[in-house]
Each structure stands twice: as C-alpha cells, then as structure tokens.
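First the structure, then my questions, so here it is.
The values are calculated or read from the model by the stated rules, or taken from the named source; none is laboratory data. Source: prediction; values computed, not measured. For neighbour counting, all protein chains shown are included, and Cβ atoms are generated from backbone atoms with ideal geometry for every residue, glycine included.
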Amino acid sequence: MVVSGTQGTGIVLPELARTLAQTRAARDAVLVRVEELVKDHPLHVMLSSRPGVGLRTEARILTEIVGKDFDTPGHLASYAGLIPVTWRSATSIPGDHSSRKGNKILKRALFLSAFASLNCEDPTSRAYYDRKRAEGKKHNQALIALARRRCNELCAMLRDGTIYGAPEALAA
C-alpha cells in the first residue's frame with residue numbers, strides 16, 4: 001500500500017530544511033547586531049554591572065525604559081507591573097496579588113534577572129530572597145519582591161549615573 005503524496009516529501013522536506021537554515025542564519029546575524037548595539041549604548045556599563053543581567057536581558061530593559069522618565073522608583077515599578085494590588089469585593093477574602101497590568105516585557109526581564117541573581121555571586125539578592133521566604137512568602141512572591149527591590153536599585157542607578165556595587169563593597 002502506498003500513501004498518496006509520499007513522493008512529494010522528497011520535494012518539500014529539502015526546501016523546508018533550506019528555509020530553516022536561512023532563518024537560523026538570519027536570527028544569528030540579528031543577535032550579533034543586537035549585542036553590538038547593546039554594548040555601544042551608554043547605559044551598558046551600568047546595566048551589565050548588575051548580577052543576573054546578561055546581554056539579552058539588558059537589551060529588553062533598554063528597549064523598555066530608554067526615553068521614558070520615571071520620577072520615583074515606584075513609578076518605574078508601577079510601569080513594570082511589579083506593585084502589589086489589592087482585589088476586594090464585599091464577599092471575597094482580601095489579599096494582595098501581583099498586578100496583571102504594566103509592561104509585561106519589562107516585568108519578565110526584571111523577574112528573570114532577579115531569578116538569575118539567586119544563582120550568581122550576589123549574596124545581597126540571596127539574603128533578601130531568603131528573608132522573604134522566612135516571612136512566609138511563596139517562591140514567586142519572594143521573586144517578585146526581589147524584582148521590585150532590584151527595580152528600586154535600577155532607578156537609583158539611572159538617577160545617579162552609577163554602576164552597581166553591593167552594599168558591603170560600598171561600605172568598605
């Protein structure tokens with residue numbers, strides 16, 4: 001028994017493989033160009049000094065915050081959707097939840113950089129995360145709190161034009 005169209009796979013599959021190879025090559029070229037642009041940006045040194053912020057995360061943060069003015073760290077956190085929101089009604093149990101509003105791309109970049117900072121040599125982030133866990137917060141709640149704290153630090157770095165220095169290093 002021969003399935004109709006079997007001979008067509010000999011024509012279609014090589015063309016699909018060629019298209020996939022071209023797409024991968026184009027993606028790699030775009031990635032190299034994005035890395036060049038990020039490294040040439042004036043905020044590159046400042047952002048790359050943060051533990052847990054790589055080139056791709058840095059590119060996401062740059063594209064979302066450059067050209068915008070944030071008066072306070074709270075404004076930046078609100079823009080990123082990192083502020084807790086209380087949802088209440090007459091019959092519900094009150095509680096704070098993470099916001100579903102805000103810039104989801106920036107929120108994800110800050111969340112992932114907070115997560116990555118736990119595995120880096122950043123004892124400040126680890127200590128803050130552990131303290132939040134000891135307070136009874138779940139993993140994601142503690143990570144969102146850490147992302148908010150790192151958002152505050154980012155805002156201070158942008159305001160002052162300084163690179164990141166762990167508090168222990170600055171005190172010494």
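Go over the candidates 133, 150, 159 one by one and state the one that is in a helix (DSSP H, G or I) and at pLDDT 90 or above.
After applying the criteria, what remains is 133.
Does residue 119 qualify as being over 14 Å from the mean Cα position of the chain (by Cα), within 29 Å of residue 32 (Cβ to Cβ), at pLDDT below 90 and not assigned by TED's automatic domain parsing to the domain that holds residue 36?
Working: over 14 Å from the mean Cα position of the chain (by Cα): yes; within 29 Å of residue 32 (Cβ to Cβ): yes; at pLDDT below 90: yes; not assigned by TED's automatic domain parsing to the domain that holds residue 36: yes.
In short, yes.
Give the residue that is farthest from residue 56 (Cα to Cα), with candidates limited to residues of the range 96-130 that are in contact (Cβ under 8 Å) with a residue 40 or more places away in the chain and not in a helix (DSSP H, G or I).
98
Here is a further query. From the list 82, 76, 20, which residue is in a helix (DSSP H, G or I) and under 24 Å from residue 161 (Cβ atoms)?
Working: 82 fails: in a helix (DSSP H, G or I); 20 fails: under 24 Å from residue 161 (Cβ atoms).
Sole residue among the options that is in a helix (DSSP H, G or I) and under 24 Å from residue 161 (Cβ atoms): 76.
Okay, next question. Select from the range 136-147 the residues that are exposed (fewer than 15 other Cβ atoms within 10 Å of the Cβ) and part of a loop (DSSP other than H, G, I, E, B) and list them in ascending order.
Residues satisfying the conditions are 136, 138.
Another one. Residue check: is residue 38 modelled with pLDDT of 85 or more, within 25 Å of the chain's Cα centre (by Cα) and not in a helix (DSSP H, G or I)?
On the way: modelled with pLDDT of 85 or more: yes; within 25 Å of the chain's Cα centre (by Cα): yes; not in a helix (DSSP H, G or I): no.
No; evaluated as a whole, the condition is false for this residue.
Here's something else I'd like to know. Assuming residue 57 fulfils every condition listed in (1) farther than 30 Å from residue 145 by Cα; (2) buried (at least 16 other Cβ atoms within 10 Å of the Cβ) apart from one, which condition is it?
That leaves (1) as the condition not met.
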